Each structure stands twice: as C-alpha cells, then as structure tokens.
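Below: one structure, written as structure tokens.
The values are calculated or read from the model by the stated rules, or taken from the named source; none is laboratory data. What you are looking at is a predicted structure, and each value in this text was computed from that prediction instead of being measured. For the accessible areas, the whole protein counts, side chains as well, though only heavy atoms, and no ligand, DNA or RNA atoms are used. Shrake-Rupley method; radii C 1.70, N 1.55, O 1.52, S 1.80 Å.
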Amino acid sequence: MTIVLASDHAGYEYKEAVKSFLSEKGYDILDVGTNSKESTDYPIYGKAAAEKVARGEAKYGIIICSSGEGIMIAANKVKGVRA
C-alpha cells in the first residue's frame, strides 16, 4: 500500500520519523515535501499530498504542520479528498 506524506517546515522532523516507521513496516512512501526545516508554506504540501490521493497514486495521506489545521484546510480544497 502506498501512503503519501507531506509537511511544512514545522512538521518536517515528525514527517521524517513517520516515514521511517512506515517504511520499516513495509509501506511504500511518496514524500511530497518539504525536505528541510527551512521556512515554507504549508498549502503547497497539503495540496500536493491531497492530489496524489485524489488521483489514486496513494491510498492514504499523512499531512503534518505545526497545528495540523492549516495543512488540513489546504488538503480539503482538493475535490474528492476529506482531511
């Protein structure tokens, strides 16, 4: 099963930990970023993850930002996705 992961800079370390855990359990991971702790905008990554799920490229998505709310709102704007 494929799971897409996304985060902003505030959630980067958590995303990396989740990626490691899921990989060890045998899941295929699509990481759409961010790829560092450098300041960035969460909507870019929330939308990218949601689009992967909507297109069927991933069964589920895990999206992480500092509060969880902003990135969720961005993902919910993609038709066919409920975050």
Exercise. Once the Cα atoms of the chain are picked out, what are the Rg and Dmax in Å?
Worked result: 11.5, 31
Problem set entry | Accessible-area ranking of SER20, SER66, largest first, probe 1.4 Å | SER66, SER20
Exercise. How much accessible area does VAL32 have with a 1.4 Å probe, in Å² rounded to the nearest 10?
Worked result: 40
Exercise. Given springs between every Cα pair under 10 Å in a Gaussian network model of the chain, which of GLY56, GLY11, GLY70 has the largest fluctuation?
Worked result: GLY56
Problem set entry | Accessible area per residue in Å² at 1.4 Å probe, computed on the chain | 61
Exercise. LYS47: which lysines have alpha carbons under 25 Å from its alpha carbon, excluding same-chain residues fewer than 8 sequence positions away?
Worked result: LYS15, LYS19, LYS37, LYS59, LYS77, LYS79
Seminar exercise, completed: For ILE62, other-chain or 5+-apart residues with amide H closer than 5 Å (H placed, Pro excluded) are VAL4, LEU5, ALA6
Exercise. With all protein chains present, how much of the accessible area of the chain (probe radius 1.4 Å) comes from carbon and sulfur, to the nearest whole percent?
Worked result: 49
Problem set entry | Computed accessible area, LYS47, all protein chains, 1.4 angstrom probe, square angstrom | 100
For this session: Report the relative contact order of the chain, percent, no decimals, based on alpha-carbon pairs under 8 angstrom and at least 6 residues apart.
Result: 38
Problem set entry | Mean ellipticity per residue at 222 nm, deg cm²/dmol - from DSSP H runs of n ≥ 4 across the chain, formula -39500 (n - 2.57) | -12500 deg cm²/dmol
Seminar exercise, completed: Expected field for ILE3, accessible surface area in Å² at 1.4 Å probe radius, rounded to 10, holds 10
